[in-house]
Structures are given as structure tokens and as C-alpha cells.
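The values are calculated or read from the model by the stated rules, or taken from the named source; none is laboratory data. Everything numeric here is computed off the predicted structure, so don't read it as measured data. FYI the Cβ positions are ideal-geometry reconstructions off the backbone, even for glycines, and counts take in every protein chain you see. For accessibility, only protein heavy atoms count, side chains too; no ligands or nucleic acids. Shrake-Rupley method; radii C 1.70, N 1.55, O 1.52, S 1.80 Å.
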Amino acid sequence: MKHTLTMRAVVLGAALALGATLVQAKTFKWTSASDIPTWDIHSQNNALANGVHASVYESLVYYNSRTFKAEPLLATGWNQVSPTQLRMTLRTGVRFHDGSPFTADDAVFSLQRAMSKTSNFAVYTQGISRVVKVNDTTIDIFTSGPNPVLINQLTELRMMSKAWAEKNSSVEPKDIKTQDENFAHRNANGTGPFMLKEWQQDQRIVLTRNPNWWGRMEGNVTEIVYTPVRNVATRMAALLSGEVDFVLDPSPQDLPRIRSNNAFKVLDGVENRTIFFGMDQFRDELPGSNIKGKNPLKDVRVRKALYQAIDINAIARVTLRGLGQPTGALVAPQVAGWTEGVHRRLPFDVAAAQKLLADAGYKDGFEVDFACPNNRYINDEAICQAVTAMWARIGVKAKLRTLPLSTYFPMIQRYEASIYMLGWGVPTFDALYSLQSLVRTVGTGGDGNYNVGRYSNPKMDAIIDRAKTETDPFIRPRLLTEALQLQNDDVAHIPLHNQIIPWAMKRNIEVVHRADNRLDWRLIKVN
């Protein structure tokens, strides 16, 4: 009899424990316009993907979501041994999702992988010359010169298991310019708080809580389900019907209705992302243009005409409905190097734009290819449609084509667009990140890795190269500002606006808004 009672107590206890687990289980369902392009963490430097990857893979350091100060994650601390040697102590007791321990071998391998030829993350390894294992819990990062933003760069360099990558033929990152795939493209094995359970590309991602995660979970989410939905009306309908809990990129025109509904709430914040147009300044003749034997975009007067033909205030008011701050700078105000001077735009002036075109020899305008994404930035396609009409007023016939994120970015990186839209966030909060990627002559080590218009100016290169190693707190900001002003003078790009990001969600959802427009998976609560 005693044995029977004991067994009943065990069964009852197990049932109660299972019930408690079910009660505590919380699924967070969210959506935005596009899917991530890959699960390979060193393949494509895409902001949405970087944020999603951070749920599964972890970096040595990461920004605190409330203070935006870099703090230890898989590293526990660091010491600047010399101006060109950083020693990092690694966290012990951390395991990858396959159960293998995280060691210095994995850290060295991951940083070297990010530096490889097929990686799109060279801008984050800028200045790193080599990485050396000191012992199982210590590595040394050597740089070619002093690097004042190295810790900030490390926030986006996530750790992969060396043994897992070698076993699964994923030592090299997937090359985004080709259709070739490695195992890491569709599979994941990180150390983070969530594990990849399912990825049906362009349909859904399912993540489950890692029961063996080393860290402390402030939130209560046990499962994350992401559904990319290109159509914004469909995304908003999913929120209103309760199908999803959270929309990363809500429709601007629906925000007043969401704000007035007590079942929902909107969290607003300024993103550190600037939207702009780039232009092919390399080819001698533009493909598909009616101008033969020369490239109109090589003439600064033409680039300035295109700039001054854009009524950015109308776009901000009508197309963006207030979710954009017009700017003349290539970076947002939160970024070191920004000043009111570089922020000042050239005036909207159709007559001046027409005169500039005539002076350049194109009084009748010209035809030009114009490429934009249709599911990456706030109302991106609508902005490009509006600009197409504005350029038509000065005789420029822009042949607009729009593509989804997954095909758009590989296309522009193959230099297949004459004029293109791009948005650039700054994870380091330092203008060097933008300048090196966007206006440095295309080279190695991250130089010009998104300079897909192939702008080149030796003076710009010299300023940027000096800024890479300049640590003086007075000289360095002046260098960054000088380079930003030179980009404006050359009209290397046409700045449009800084995005203002509203997040729409059910009233019972708690999240912390971040300037890099990503969720911190450790902090989400479903009440």
C-alpha cells in the first residue's frame, strides 16, 4: 500500500511539473516584410539577419539594450596589452547546442572565418591582422595599428563551432554572390538562448529555448515564430486579428488606428540608419541607357541635379508619414563624426537641377536603370516610385525595377545597378564604419565592400585610412567629419532620410526598443 501511494505521488508530481511547464511556455509570434537571407553568420552583413542570428549565435561582446554600452558576453573581460594587442578572457562552462564546449579554438576560428574572402563581415574585422590562442580560455587579437573601435566591431562577430564547421564542410562562409550553399546556410549550432528548430525560407522560422544556456533569461519566451509577410496590409491584419504579437515594420498609415486601440501599443524610436541612393561612377557607359559612349553619373553636376530634383520633405510627409528625418549626411545624429554642417541638405530646386543637367550636356535628360528593394526599408518601393516621378520633371527617365531583399543585395554587389537604394545602420556608432564601407575605394579588408557605385577619390581614401588608427579624441572626430563633408561635396551618394522606427504590438508584449532596430531575445515578455 505504501509503495502504491509513493508511486501515485510520483505520478502526481510529474503531472504537476508538466502542467507548470505548459503554463510557463510562452510563444512569441512576430513578422516583418522580408526573410533573412542565410543562417551563415559570416556570409551576408544584413541587419535583419544579424539581429535574428543573435538569438542563436553569440559574440564575445554585445551592446546592452538599455544603455548601448558594449559589455561582455562570451568574453568575460579584456585587457589592452599594447596599442596593437587586445587580450580577451573567454567565458567557461559554455556549450554549443550540440553539447560541445566553447573554447579559444572556436573563437580564433570564428574571427578568422569572418576575415575570409567569402565573408561579408570584413568591415567588422577592419584592422585585425591575426588572432592567436593563448590557452583554452584566452585569445589575443593583434591589429595592424591602434583601433579605437575594435570592441564595437566585435559586437557583430558571432562565434561558430570549429569542429561543427569542419565536419559539415562550412569552414568558409557562403558566398552571397553565387547560388552555392554550405551546410551553415540552412543549419545552425550556436551557444545562444534559442536553438534553430525550423527554417522554411520566405515562410517561417521557429526557434526554441535552449535549456542549457549559460546566461540569465530576463524574459519568459520559450518559443519564437517568425513569419515574413511582404504585404504590409497583410502584416497589419495579422496583428489586428491576433495571429501575430508584434510587427517590426508597421504601415505608417495604420499607426493612428493602432495607437487608439487599447488592445495594442506602439513603441517609437530613432534608428541609427540612413537611407540614400548610390550611383554607378565607374562604368564608361551605363547598361540600358540611351546615352552611348559615356556615363552621365560620372559628372558631379548630374549627381547634384538628381539630388536637387528630390522633394525630400514631400516624401517625409506623404510617403513616410513622418517616419523619416530628412538629412544631408551619410550617417545619423547618434554616430560619431555627424555635425549640423554635414546634416544640411542641398535645397530642393527643380530649376537649378534642370540648369545643372543642361550645363553637363544633358538638357533633354537621359534614361537610366534604377533599382530598389521592395521589402527592406519603410515604404522603400513607394519612395522610389515617388522619386522616379520627380526625376521625370527634369527629363531623367529612371527605369525603376524593384526586387525582394534576398535577390536585391547580391545583385547590387555584383555591380548590376546604375542607381540603387541602400540603407546603412552603424553598429559601431562611429562614422568610420560607413565611410570605409561606402566611400573608400574598393579594396580588401572591408574597404568599399558596399561601395557598389565604385566611387573613388584618393583624398577620401587618405582621410579614411588615417581615421582607422587615429585615437586622439580631438583629431579623430574632425577626420570623420571631414570625410563626411567630402562625400557631400562630391555627391558620392544622395542622402535621403534617417528612419524613425515604430514597433507595433499587442498590449501584453514587453520589449526594449533598440536604435539598431533589433529585438533583444533575452528581454521579451509575453504577459
Item checked: Search result, residues across region 61-92 that are assigned to a loop (DSSP other than H, G, I, E, B), among the charged types (D, E, K, R) and within 26 Å of the chain's Cα centre (by Cα) -> 66, 69
Checklist line | Residue ID - surrounded by the fewest Cβ atoms within 10 Å (Cβ to Cβ), chosen from residues in region 329-347 that are in contact with a Phe, Trp or Tyr (Cβ under 9 Å, 6 or more places away or on another chain) and farther than 21 Å from residue 68 by Cβ | finding: 346
Notebook entry, point to check: Which condition does residue 430 not pass, out of (1) open to solvent by 20 Å² or more (accessible area, probe 1.4 Å); (2) among the charged types (D, E, K, R); (3) under 22 Å from residue 145 (Cα atoms), if it passes all the others?
Noted result: (1)
Checklist line | Single unsatisfied condition, residue 267 versus (1) of a type outside the set (S, T, N, Q); (2) crowded, with 17+ Cβ neighbours inside 10 Å; (3) part of a strand (DSSP E or B) | finding: (2)
Next item on the list: Using the structure shown, decide if residue 198 is free of Cβ contacts under 8 Å to residues at least 12 places away in the same chain, of a type in the set (D, E, K, R) and within 21 Å of residue 35 (Cβ to Cβ).
Entry: yes
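In this structure, does residue 464 turn out to be more than 20 Å from the chain's Cα centre (by Cα) and not in a loop (DSSP other than H, G, I, E, B)?
Values: more than 20 Å from the chain's Cα centre (by Cα): yes; not in a loop (DSSP other than H, G, I, E, B): yes.
The answer is yes for residue 464.
Out of all the residues in region 147-172, which are assigned to a loop (DSSP other than H, G, I, E, B) and open to solvent by less than 10 Å² (accessible area, probe 1.4 Å)? Quick ask: steps written out before the conclusion?
First, pick out the residues of region 147-172 that are assigned to a loop (DSSP other than H, G, I, E, B): 147-149, 155-157, 159-161, 168-172.
Correct list: 155, 156, 157, 159, 160, 161, 170.
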Next item on the list: Filter region 272-296 down to residues that are of a type in the set (A, V, I, L, M) and not in a strand (DSSP E or B) and give me whichever is surrounded by the fewest Cβ atoms within 10 Å (Cβ to Cβ).
Entry: 291
Checklist line | Selected residue (criterion: most open to solvent (accessible area, probe 1.4 Å)) from residues of region 437-482 that are farther than 22 Å from residue 143 by Cα and hydroxyl-bearing (Ser, Thr, Tyr) | finding: 456
Item checked: Condition check for residue 255: closer than 19 Å to residue 31 by Cα, modelled with pLDDT under 95 and outside any loop (DSSP other than H, G, I, E, B) -> yes
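Look through 225, 244 and report the one residue that is part of a loop (DSSP other than H, G, I, E, B), open to solvent by less than 40 Å² (accessible area, probe 1.4 Å), touching a residue at least 60 places away in the same chain (Cβ under 8 Å) and of a type in the set (Val, Ile, Thr). Break it down into steps so the answer makes sense when it comes.
Details: 225 fails: part of a loop (DSSP other than H, G, I, E, B).
Selected residue: 244, the only one of 225, 244 that is part of a loop (DSSP other than H, G, I, E, B), open to solvent by less than 40 Å² (accessible area, probe 1.4 Å), touching a residue at least 60 places away in the same chain (Cβ under 8 Å) and of a type in the set (Val, Ile, Thr).
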Notebook entry, point to check: Any chance region 230-239 includes a residue that's farther than 29 Å from residue 253 by Cα, over 24 Å from the mean Cα position of the chain (by Cα) and either in contact (Cβ under 8 Å) with a residue 24 or more places away in the chain or part of a loop (DSSP other than H, G, I, E, B) (or both)?
Noted result: no
Notebook entry, point to check: Is it the case that residue 368 is open to solvent by less than 10 Å² (accessible area, probe 1.4 Å) and more than 22 Å from residue 293 (Cα to Cα)?
Noted result: no
Next item on the list: Could you check how many residues of region 325-347 are in a helix (DSSP H, G or I) and closer than 18 Å to residue 315 by Cβ?
Entry: 1
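Could you please give the count of residues in region 1-36 that are at pLDDT 90 or above, out of contact with any His (no Cβ under 9 Å at 6 or more places or on another chain) and part of a loop (DSSP other than H, G, I, E, B)?
Here is the first cut: in region 1-36, the ones at pLDDT 90 or above are 26-36.
From the residues that got through so far, the ones that are out of contact with any His (no Cβ under 9 Å at 6 or more places or on another chain) too are 26-35.
Subsequent filtering for residues that are part of a loop (DSSP other than H, G, I, E, B) retains 26, 33-35.
So the answer is 4.
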Next item on the list: Kindly provide the set of residues from region 39-57 that are part of a loop (DSSP other than H, G, I, E, B), under 16 Å from the mean Cα position of the chain (by Cα), under 22 Å from residue 248 (Cα atoms) and modelled with pLDDT of 95 or more, ordered by number.
Entry: 39, 41, 54, 55, 57
Notebook entry, point to check: Looking at (1) open to solvent by 20 Å² or more (accessible area, probe 1.4 Å); (2) in contact with an Asp or Glu (Cβ under 9 Å, 6 or more places away or on another chain); (3) more than 30 Å from residue 334 (Cα to Cα); (4) free of Cβ contacts under 8 Å to residues at least 60 places away in the same chain, which is the one condition that is false for residue 87?
Noted result: (3)
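To keep it simple, each residue is scored yes or no on (1) within 30 Å of residue 264 (Cα to Cα); (2) touching a Leu at 6+ places or on another chain (Cβ under 9 Å).
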residue	(1), (2)
445	no, no
452	no, yes
456	no, no
473	no, no
490	no, no
510	yes, yes
522	yes, no
Item checked: Filtered residue count, region 383-420, keeping only those that are in a helix (DSSP H, G or I), open to solvent by 30 Å² or more (accessible area, probe 1.4 Å), farther than 28 Å from residue 359 by Cα and touching a residue at least 12 places away in the same chain (Cβ under 8 Å) -> 1
